[in-house]
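Please read the structure below before turning to the comments.
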Amino acid sequence: MMGTTALLLSLAVAQSSPYVRSHVDKDDSSTQCLFWTTPTLTWNLSSVGNPESVDEQKQREFAAIRASFQSWQRIFEDCGNLRFSEGPLLDERRVGYVQKEENHNLVLFRSRRCQEIAPAADKCWAEETCGNVYDCWDSDDRTIALTLTTYDERSGIIYDSDIQLNASGFVFTTVSSPPCAQPISSKTPNCVATDVQNTMTHELGHLVGLDHTWLSSSVMYPQAPSGEVSKRIIDAGSRDFVCRAYPKGLASQSCLTPTLNASSPGDTSLALGRQVAGCSTTGGAPWLSALAALSWLGWRRRGVRS
Ligand SMILES: [Zn+2]
């Protein structure tokens, strides 16, 4: 009994740390951490933007996404070793990583639910490829965004990371106040529903190798209520992660030493892992209305070998 209490207590403490790094095996913190080793990370916006938005709002959403990258960039400039560079707008709509092909770190909105457009008998469901095949949102309705990261399972080195925003289930906004009254009826409200920059700042934490923490002040806290904009600003713990994992003038830091050598791209035994991080609302009965307004940021993991 004492042992169980102590274990639960230590788990709770661990989960509310200032920051938690992502691991090759997400449930095993003794495995290698995920991290980038490239000095410049080029990312691209899908040219389509948010299909739910008019052109002017699309531009504001793009600006909000760029502002999220800039918030992280400022920390990397102070104490880190990674630089973000925005590449051209792309017509690309596929997420994930394909060996021996040109891959992009893509940010895109999905505005149609796969359940509505991909036939139930389609093999894409079993292969978990419906999102790319039909250009649709293939996660549950309560998930706001997903970050899909592909990495070398041996070294933890990240190859690729793509972010999808769920415009089929959420109204994305860019104004700073006031929070929208619930339920949100307009597709273009002049209030804060799901803030693009707030969401992207969290997802970019996943992109650079952060897992969730239950420290409520962290941008990596796994819940985000509708109307929230406070997480546009990166907290001290997440900043500390950048300074420690990506120290200025030094190599990015792994969690296990000695670091296993990265596989070379032509290596036939290359083992790629993929992790999906996202966030969802809980929904629920009226008496859970306080909870219903919250969004949960959850993890799902799919290991693949190729
Ligand atoms: Zn998350």
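Here are the numbers:
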read-out	value
Index of the failed condition, residue 270 passing every other in (1) in a loop (DSSP other than H, G, I, E, B); (2) more than 16 Å from the ligand (Cβ to nearest atom); (3) open to solvent by less than 50 Å² (accessible area, probe 1.4 Å); (4) at pLDDT 95 or above	(4)
Enumeration of residues in the stretch 202-217 that are within 11 Å of the ligand (Cβ to nearest atom) and either surrounded by 24 or more Cβ atoms within 10 Å (Cβ to Cβ) or small (Gly, Ala, Ser) (or both)	202, 203, 204, 205, 206, 207, 210, 213
Scan of the stretch 151-174 for residues that are of a type in the set (D, E, K, R) and under 15 Å from residue 135 (Cβ atoms), ordered by number	162
Among residues of the stretch 29-85, those that are open to solvent by less than 40 Å² (accessible area, probe 1.4 Å), out of contact with any strand residue (DSSP E or B) (no Cβ under 8 Å at 6 or more places or on another chain) and either farther than 21 Å from residue 239 by Cβ or aromatic (Phe, Trp, Tyr) (or both), counted	1
Any chance residue 139 is small (Gly, Ala, Ser), outside any strand (DSSP E or B), within 16 Å of the ligand (Cβ to nearest atom) and touching a residue at least 60 places away in the same chain (Cβ under 8 Å)	yes
Flag for residue 229 being open to solvent by 20 Å² or more (accessible area, probe 1.4 Å), more than 15 Å from the ligand (Cβ to nearest atom) and within 27 Å of residue 59 (Cβ to Cβ)	yes
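The values are calculated or read from the model by the stated rules, or taken from the named source; none is laboratory data. Worth saying up front: this structure is predicted, and the values here are computed from it rather than measured. Note: ideal-geometry Cβ built from the backbone for every residue, glycine included; neighbour counts use all protein chains shown. Only protein heavy atoms, including side chains, enter the accessible area calculation; ligands, DNA and RNA are left aside. Shrake-Rupley method; radii C 1.70, N 1.55, O 1.52, S 1.80 Å.
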